[in-house]
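As structure tokens, the structure follows; a few thoughts come after it.
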Amino acid sequence: MFPRGAWGASARRALTAAPTEAFGPGDPRGRPELRRALAGYLSRTRGVRTGPENVVVCSGFANGLRLLASLRPRDWAVESYGLPFHHGVLDAAGVRPHPVAVDDGGARTGELPSRARTVLLTPAHQFPTGGALLPARRAAAVEWARATGGVIVEDDYDGEFRYDRRPVGAVQGLAPEHVVYAGSVSKSLSPALRLGWLVLPDHLVERVLAAKGLRESWASALDQLALADFIECGAYDRHVRRMRLRYRSRRDGLVRVLAARAPQVRVTGVSAGLHAVVELPPGREARALAAAGAAGLALDGLSSYQHPADRTPPREGLVVGYAAPPDSAFDRALDALAEVARRAAAGR
Ligand SMILES: Cc1ncc(COP(=O)(O)O)c(C=O)c1O
């Protein structure tokens with residue numbers, strides 16, 4: 001569903017209009033056209049409070065996280081479930097991680113360890129368990145940052161895709177001086193573009209730029225210009241609206257089929273994003289994953305997202321990404337998933 005036509009038109013327009021200096025070595029802040037477009041878009045759609053001067057373009061969230069970890073290599077509070085790849089990025093920078101428990105209301109930010117100087121959160125849609133950070137917990141995180149001088153890193157990887165109620169605004173809007181807001185086109189457009197952004201508190205802008213070095217070495221200036229055009233001409237909004245409808249209808253199908261065929265399983269994290277979690281009782285996950293694999297489904301086990309430093313018994317379940325399969329394969333995939341879930345719930 002990548003918007004090939006509209007993206008191609010933006011890329012062509014951007015290439016034609018690009019000033020000569022755009023073809024020289026890039027500024028580590030990123031293209032001004034894109035930083036302007038992002039500042040407007042993020043304040044309009046996500047409640048982010050920023051101007052272009054606080055936006056730094058990076059090569060996807062992973063690159064942004066690497067930069068932040070290199071600046072702040074000490075103690076980080078991390079959600080006890082998250083992307084192992086991101087845990088590895090922090091490890092490689094020498095960060096000491098402190099896992100914080102997550103439940104249906106997101107991370108328990110009232111329990112942030114006092115040693116932490118930075119906390120990495122997915123407030124809009126906890127990854128992968130799926131809860132939205134409760135208002136009281138958003139406030140607690142901000143209070144912690146204000147009281148300790150700590151920094152919240154807000155990974156807003158799929159904040160545009162919320163289905164059942166109004167979008168949850170960014171935590172950054174509550175405390176721009178204490179939050180690094182991080183976004184990416186990986187869920188909204190494609191991870192192939194490798195484009196992301198950090199919206200930084202004033203005190204971190206120069207430090208992040210110094211960490212990047214004298215020139216932009218990661219994000220193509222031409223792709224940045226294409227994205228700026230894509231946002232400014234309204235194509236990004238149109239694409240997100242179209243995808244939201246499509247994902248919601250897939251989400252509805254998934255919930256409906258599982259409710260009918262495997263009513264014993266609890267399906268969570270479905271109010272937003274591109275994945276759901278089919279929760280399983282302890283001891284059932286490994287077999288369910290093997291059955292899913294045999295049925296041609298590529299699923300992850302929820303336990304594999306537990307932070308290695310979290311010593312509590314892992315939660316078990318199937319993490320089901322429902323965005324990628326082509327339409328022609330989706331109903332069959334749902335059918336196979338329902339059978340796997342039904343058998344797993346029955347202990348078979
Ligand atoms: C939790 C989480 N954060 C961020 C991202 C985006 O990462 P990147 O921009 O590096 O592709 C993803 C994946 O798309 C993700 O699952």
*Which residues, taken from segment 180-207, are within 16 Å of the ligand (Cβ to nearest atom), buried (at least 20 other Cβ atoms within 10 Å of the Cβ) and outside any loop (DSSP other than H, G, I, E, B)?*
VAL180, TYR181, ALA182, GLY183, SER184, LEU193, GLY196, TRP197, LEU198, VAL199
*Which one is farthest from the ligand (Cβ to nearest atom) among residues in segment 74-89 that are at pLDDT 95 or above and of a type in the set (D, E, K, R)?*
ASP75
*Only listed residue being touching a residue at least 40 places away in the same chain (Cβ under 8 Å), under 18 Å from SER303 (Cβ atoms) and touching an Asp or Glu at 6+ places or on another chain (Cβ under 7 Å), chosen from PRO128, PRO99*: PRO99
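Condition check ((1) crowded, with 19+ Cβ neighbours inside 10 Å; (2) among the hydrophobic types (A, V, I, L, M, F, W, C)) across all residues:
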| site | (1), (2) |
| --- | --- |
| LEU90 | yes, yes |
| ARG115 | no, no |
| VAL119 | yes, yes |
| ARG137 | yes, no |
| TRP144 | yes, yes |
| ARG165 | no, no |
*Can you work out which of the residues in segment 258-267 that are crowded, with 17+ Cβ neighbours inside 10 Å and touching a residue at least 24 places away in the same chain (Cβ under 8 Å) is farthest from GLU339 (Cα to Cα)?*
VAL265
_Residue that is surrounded by 19 or more Cβ atoms within 10 Å (Cβ to Cβ), part of a loop (DSSP other than H, G, I, E, B) and either at pLDDT 95 or above or aliphatic (A, V, I, L, M) (or both), where the choices are ALA288, ALA219, ALA228, ALA276_ = ALA219
_Just the residues that are assigned to a helix (DSSP H, G or I) and either under 18 Å from LEU134 (Cα atoms) or β-branched (Val, Ile, Thr) (or both), please, taken from segment 62-114._
VAL89, THR109, GLY110, GLU111
*Right, LEU71: surrounded by fewer than 24 Cβ atoms within 10 Å (Cβ to Cβ) and within 15 Å of the ligand (Cβ to nearest atom) or not?*
no
_I need the full set of residues from segment 179-194 which are within 13 Å of the chain's Cα centre (by Cα) and hydrophobic (A, V, I, L, M, F, W, C), in order please._
ALA182, VAL185, LEU189
*Just one of the numbered conditions (1) assigned to a helix (DSSP H, G or I); (2) among the small types (Gly, Ala, Ser); (3) within 16 Å of the ligand (Cβ to nearest atom) is not true of GLY30; which one?*
(1)
*Please find, within segment 142-164, the residue that is farthest from the chain's Cα centre (by Cα) out of those that are closer than 16 Å to GLY273 by Cα and more than 16 Å from the ligand (Cβ to nearest atom).*
ASP164
_Can you find, within segment 90-99, the residue that is farthest from the ligand (Cβ to nearest atom) among those that are in contact with a Pro (Cβ under 7 Å, 6 or more places away or on another chain) and of a type in the set (Gly, Ala, Ser)?_
GLY94
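The values are calculated or read from the model by the stated rules, or taken from the named source; none is laboratory data. Values in this document were obtained by computation on a predicted structure and should not be read as measured data. When we count neighbours, we look across all protein chains shown, and the Cβ atoms used for this are built from the backbone with ideal geometry, even at glycine.
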